[in-house]
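The block underneath contains the structure these notes are about, expressed in structure tokens.
The values are calculated or read from the model by the stated rules, or taken from the named source; none is laboratory data. The structure presented is a predicted model; accordingly, all values stated were derived computationally and were not measured. Cβ: placed from backbone, ideal geometry, glycine included. Neighbour counts: every protein chain shown.
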Amino acid sequence: MVLDPQLRYVAANPAYCKATGKSLDALLGNCIFDIFPNDGPAGRDLRDSLNRVLRSGKADTLAHIHYAIPNAKGDGFDDRYWTAIHFPIHDEEGTVTHVVQNTVDVTELHRLRRSTFVPFRTVGLETALIRRAQEAEEAQKALLEENNDFRRLFNQAPGMIAVLSGPEHVFTFVNEAYTRFVGRRNLVGKPVRKALPELSGQGFYEMLDSVYQTREPISREAARIVLQQEKGGPESEAFLDFTYHPIFDSADQVTGVFVQGLDRTESVKSARGRELLLRELNHRVKNLFSVAISMVTMTARNASTPKEMAGILTGRLSALSHAHGMVMNDAGSDADGGRIAFHDLVERIMAPHVDAEGSRMKIEGPSIVLGSKAATSMALVIHEMATNAAKYGALSTSEGRISVEWETDSDAFRLNWKETGGPKIRSTPEPSGFGSRLAKISVEGQLGGKLEFAWPPEGAQVTIAFPLKNAAL
């Protein structure tokens, strides 16, 4: 049989169960001294031997121990004599994780030795008993070594492996990958419902019950699971591929469930992220086409010649392209995906209209990032204002200057565009053309804000305001 460091049963073969008169279900998960109590010298000797193995990591032998066990009727004890050898099982770091007991019941041999009349043939019987005990010990040692090899292989496997015994699915073995996945909890010797209580309602208990009862394996791919993956931490979502396969004994009866699993959390989340990105890209492309079609239609109505239309449309599409390019570049390299700094956007749109030193521009305001929709709208607005300034305002003369300043508070974004040094404004311009209408639609229609123009003699002034929450759109 096999005990964990708390001296609880995690495994026992049929021979042990027969010798002790206990079923496997009665043993698993229980302390050996609760099942077979003994407060006398024998109990102390057995406990000391097991503890020596746990402390030293070396095998220990009880050559002869008088240890009574409860009888089959449950109304008394049977006198029994045993020889026991205790072997340690180590993990990869050399820590003792379990103790294996190879037990031989020598009660009959003890009785023969104490008999007042020993027939001649008894000498042969005693020799045969000792020889069989020695042969059994050697066979058990070989089996234990083979089991240790399998345990080492299973423990080093990259996938999760666990062995559950009995109808309550008591953990009798878990490898390193499985232990790591469940937050390094102590599972061995515990039923699955007690060891992993957060799995209730997720269908895993029921699948294990089905495998045990129907003898049919169950497999799932990318199955969602919510569990505690850090000791003392919160529950988190994970995804895994797994198989539950029944374990059969020599009589073809199901004795447990063999569990294999692979953590797929990162790959599943990555796939979902890619799907989300494709949906967002599709949405953005549709928006760009809608804006572009509107630009072409309205520009064609207002341009007097094809050449004029081409020039105006090229500038507007260029601004749209700049905004989209900045959004997509940022989406590919930043965890925020598609959020760009407003200061960078203004510099990019204004770059064709100012000198290399930027002496004709003042760009100033607190740091703020825009989502793809807000960036596209503001790029078109700034492009229209810069185009008007280049044709009629501050940028049409060498002395002209433009100031772009903005501020934010908890609720709103406000921008002030101010031109100076250009031609004097002698009267309010005529009703706006498509450029002004496009700017108004972008601010008021797309961002839920307000766009206002003022025309003092020294130069045009534009005020833009919209809810701060819409900057993230």
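See the values below:
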read-out: Matching residues in the stretch 219-234 - criterion: being closer than 18 Å to T179 by Cα and hydrophobic (A, V, I, L, M, F, W, C); value: I225, V226, L227
read-out: Single condition A133 does not satisfy, out of (1) at pLDDT below 80; (2) outside any helix (DSSP H, G or I); (3) within 19 Å of M1 (Cα to Cα); value: (2)
read-out: Complete set of residues in the stretch 364-389 that are surrounded by fewer than 16 Cβ atoms within 10 Å (Cβ to Cβ) and either modelled with pLDDT under 90 or assigned to a loop (DSSP other than H, G, I, E, B) (or both); value: P366, S367
read-out: Single residue of the stretch 80-96 satisfying the filter (touching a helix residue (DSSP H, G or I) at 6+ places or on another chain (Cβ under 7 Å) and more than 19 Å from L7 (Cα to Cα)) that is surrounded by the fewest Cβ atoms within 10 Å (Cβ to Cβ); value: E92
read-out: Within the stretch 249-282, tally of residues that are surrounded by 11 or more Cβ atoms within 10 Å (Cβ to Cβ), at pLDDT below 75 and among the aliphatic types (A, V, I, L, M); value: 3
read-out: Residue among K440, K469, K418 that is assigned to a helix (DSSP H, G or I) and closer than 19 Å to I349 by Cα; value: K440
read-out: Candidates A63, A26, A72 - the one that is more than 26 Å from T95 (Cβ to Cβ) and either in a helix (DSSP H, G or I) or in contact (Cβ under 8 Å) with a residue 60 or more places away in the chain (or both); value: A26
read-out: Qualifying residue in the stretch 97-104 (condition: surrounded by fewer than 15 Cβ atoms within 10 Å (Cβ to Cβ), within 51 Å of the chain's Cα centre (by Cα) and either modelled with pLDDT of 70 or more or outside the structural domain of T20 (by TED's automatic domain parsing) (or both)); value: no
read-out: Per-region count, the stretch 240-256, residues more than 15 Å from A222 (Cα to Cα) and either of a type outside the set (V, I, T) or without any contact (Cβ under 8 Å) to a residue 40 or more places away in the chain (or both); value: 9
